[in-house]
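What follows is a short report on a single structure.
Any read-out appearing in this document is the output of simple, stated calculations on the displayed coordinates, not a laboratory observation. A quick note: this is a predicted structure, and the numbers were derived from the prediction, not measured. Methodologically, a virtual Cβ is constructed for each residue, glycine included, from the backbone with ideal geometry; neighbour enumeration extends over all protein chains shown.
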């Protein structure tokens, strides 16, 4: 007799809304994933990057910048909380009362031991599928930022920046961030 395969329960946005408010969850492909709180180094990098992006976006009146925790609802089985996200002025209508409803233009994820696979594989596929134009993966341990751009529903590595470099965003033209101040 063949072994029975038990199917994993698929969770939805309705289930996600029932998670405890004092814990961080994401919903990826119907799987409810808890994330431990980030470590101080992660938060420091996040704060510095967000500050630089926000300063540039405000100075040029380009749109809105948000940072985690902020729900991004992609569909009923995919609700994520990127570390930093940017929404262009032309697309501000996706900012709902309770969440962001649709793909941001730019997403930044900062890798931690607990989220490496999620950020490098699962979210990367998800962001590409839903049309996030630019995706940055920050690798604190190696003091690197990989910048990806969306081409034909797939991410192509635009450039890898190290601590001594000045990051330039292909999507946010003229955004330049000296990474010494970030790491």
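Modelled this way, with points 7 Å down the Cα-to-C-beta line, the labels at residue 142 and residue 75 are 3.1 nm from one another.
Site pair residue 176 and residue 21 shows an inter-label distance of 4.5 nm when each label is modelled 7 Å from Cα along Cα→Cβ. Computed from the C-beta positions of residue 59 and residue 90, the FRET efficiency with R₀ = 22 Å rounds to 0.75.
Helical runs assigned H by DSSP (4 residues or longer) give the chain a calculated mean residue ellipticity at 222 nm of -5000 deg cm²/dmol, each run adding -39500 (n - 2.57) before division by the residue total. Taking all Cα pairs closer than 8 Å and separated by 6 or more residues, the relative contact order of the range 107-165 comes to 30 percent. Relative contact order of the chain, taken over Cα pairs closer than 8 Å and 6 or more residues apart, is 15 percent. Once the Kirkwood radius over Cα pairs is known for the chain, the Stokes-Einstein relation at 4 °C and 1.567 mPa s delivers a diffusion coefficient of 76 µm²/s. Computing FRET efficiency as 1/(1 + (r/R0)^6) for residue 29 and residue 166, where r is the C-beta to C-beta distance and R0 is 41 Å, gives about 0.70. Prolate is the label for the range 95-183, because a/c, from the alpha-carbon gyration tensor with a ≥ b ≥ c as root eigenvalues, is 1.5 or above and a/b exceeds b/c.
With each label modelled as a point 7 angstrom along the Cα→C-beta vector, the residue 153-residue 114 pair spans 3.3 nm.
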